[in-house]
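The values are calculated or read from the model by the stated rules, or taken from the named source; none is laboratory data. As the structure is a prediction and not an experimental result, all values here were calculated from the model. In this analysis, Cβ positions are derived from the backbone assuming ideal geometry, glycine residues included, and neighbour counts consider all displayed protein chains. Heads up: the accessible areas ignore ligands, DNA and RNA and are worked out on the full protein's heavy atoms, side chains in. Shrake-Rupley method; radii C 1.70, N 1.55, O 1.52, S 1.80 Å.
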Amino acid sequence: MRGAVLHTSPGELVIEDLTIDKPGPNEVLINTTHAGLCHSDLHFMDGHWPVAQSMVMGHESAGVVAAVGDDVTYVAPGDHVITCVSMWCGVCRMCLQGKPYLCLDADSMRSGRPTPSLTFEDGRPCTAFAGLGSFAEELLVHERAVVKIRDDMPLDRAALIGCGVTTGLGAVMRTAAVPAGSSVVVIGCGGIGLSAVQGARIVGATPIIAVDLVASKLEMARTLGATHTVDASEVDPVAAVHEITEGGADYSFEAIGLSATAEQSWHMIGIGGTATIIGMLPMNSEVTIPGGHIIMSEKKLQGSLMGGNRFRLDMPKFIDLYLDGRLKLDEMVSATIDIGEVNDGYAAMKAGETLRSVIAF
Ligand SMILES: [Zn+2]
Ligand SMILES: [Zn+2]
């Protein structure tokens, strides 16, 4: 079967023929139907985050269960599923604190099998990004990496929920738990930022301010729920947010992953406000905030990993929101592509030409 492999970082993806193992205990083999091009993979291709060995990239997918290993009772062949990187053990300190997305033992579910799940034609092992490796025709994953979904949910739209949509909605609904009526600003209107805008609309925030440098993205933000837009190429975005909110937003969300915008997200909130960083700041980056603000205005800065998801609870609800029209996903898919076009898809994303491309297998 074909998969898109990153051999070195930085580097481009190479389409390789791979052999996938049979499902072992607690494992599920999935025929991938769709995989979204999430921005996070780009950090590895660009060399901002390292890769230790050849790896099938991708982590945002949906598909149909083809086979299950011993002990798997949650799904059966034919079930439609979404995959998620947030595997959880259920017994570690973080799981017991109700934060399964921070599971301390997730890596054993991502890479704990005795033999490699993927091998190249010459027998060399290949790894799967985040224990998923969604840019491949088949996926062999731990059962705790899947959620069963309604059969009437289109799988191309379902794939988006596997990462970007859940990360953006979850940052608003789970991590920040934004109450109705709060003012919200979202910096960066890519797939995750626009999902945060939608989350803010769904929970009843107002105003909802979207900040970006690209006019077409700001227009999309309005379509998806922003009440105000700020073009940061034309005005000082911090001053603009303070003006709209009369002193600073209650909640800000940084969805780019840059130190400068992370610092802006802090300055955009007012007294008692909370800034939430969703963007993948590079490992070696630093964020500087003025010390005096922290106490005197009781502002908070926090990270949000994968939208603080409990994905077997959250994703079926997000699907219900889509099917009843409250969550807009059709607007977020700009192109459906073949796996052979994956590098072009990422180039278009980098150039700001596309919001989300989805590979159809
Ligand atoms: Zn755990
Ligand atoms: Zn992602």
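Things worth noting here:
- Yes/no for residue 146 being away from ligand 1 (no atom under 16 Å from the Cβ), closer than 16 Å to residue 249 by Cα and open to solvent by less than 30 Å² (accessible area, probe 1.4 Å): no
- The residues of region 72-88 that are away from ligand 2 (no atom under 16 Å from the Cβ) and in contact (Cβ under 8 Å) with a residue 40 or more places away in the chain, listed by number, are 72, 74, 75, 79, 80, 81, 88.
- Some residue of region 82-91 being over 26 Å from residue 37 (Cβ atoms) and assigned to a helix (DSSP H, G or I): no
- Test: residue in region 306-322 that is open to solvent by 20 Å² or more (accessible area, probe 1.4 Å), outside the structural domain of residue 101 (by TED's automatic domain parsing) and not in a helix (DSSP H, G or I): yes
- Among (1) within 27 Å of residue 82 (Cα to Cα); (2) of a type in the set (Asp, Glu); (3) out of contact with any strand residue (DSSP E or B) (no Cβ under 6 Å at 6 or more places or on another chain), the one test that residue 254 misses: (3)
- Selection within region 241-255 - over 21 Å from the mean Cα position of the chain (by Cα) and either touching a residue at least 24 places away in the same chain (Cβ under 8 Å) or assigned to a loop (DSSP other than H, G, I, E, B) (or both): 241, 242, 244, 245, 246, 247, 248, 249, 250
- Residue match in region 277-286 (condition: surrounded by 15 or more Cβ atoms within 10 Å (Cβ to Cβ), assigned by TED's automatic domain parsing to the domain that holds residue 242 and part of a helix (DSSP H, G or I)): no
- Total residues in region 1-55, condition open to solvent by 30 Å² or more (accessible area, probe 1.4 Å), closer than 22 Å to residue 281 by Cβ and among the acidic types (Asp, Glu): 1
- The requirement of being open to solvent by 70 Å² or more (accessible area, probe 1.4 Å), in contact (Cβ under 8 Å) with a residue 24 or more places away in the chain and under 21 Å from residue 311 (Cα atoms) is fulfilled nowhere in region 129-142; no residue meets it.
- Elements of the type helices (runs of 4 or more DSSP H) sitting completely within region 143-224 and holding at least 1 residues that are within 16 Å of ligand 2 (Cβ to nearest atom) and at pLDDT 95 or above: these cover 155-161, 164-170, 191-203.
- Residues in region 268-312 that are within 16 Å of ligand 1 (Cβ to nearest atom) and hydrophobic (A, V, I, L, M, F, W, C): 305, 306, 311.
- Members of region 81-97 that are within 11 Å of ligand 1 (Cβ to nearest atom) and open to solvent by less than 70 Å² (accessible area, probe 1.4 Å): 86, 87, 88, 89, 90, 92, 94, 95
- Going through (1) within 27 Å of residue 137 (Cβ to Cβ); (2) at pLDDT 95 or above; (3) within 16 Å of ligand 2 (Cβ to nearest atom) one by one, residue 337 falls short only on (3).
- Given (1) surrounded by 19 or more Cβ atoms within 10 Å (Cβ to Cβ); (2) in contact with a helix residue (DSSP H, G or I) (Cβ under 7 Å, 6 or more places away or on another chain); (3) on the phi < 0 side of the Ramachandran plot, index of the condition residue 231 fails: (1)
- Selection within region 184-204 - farther than 19 Å from residue 319 by Cβ and open to solvent by 10 Å² or more (accessible area, probe 1.4 Å): 190, 204
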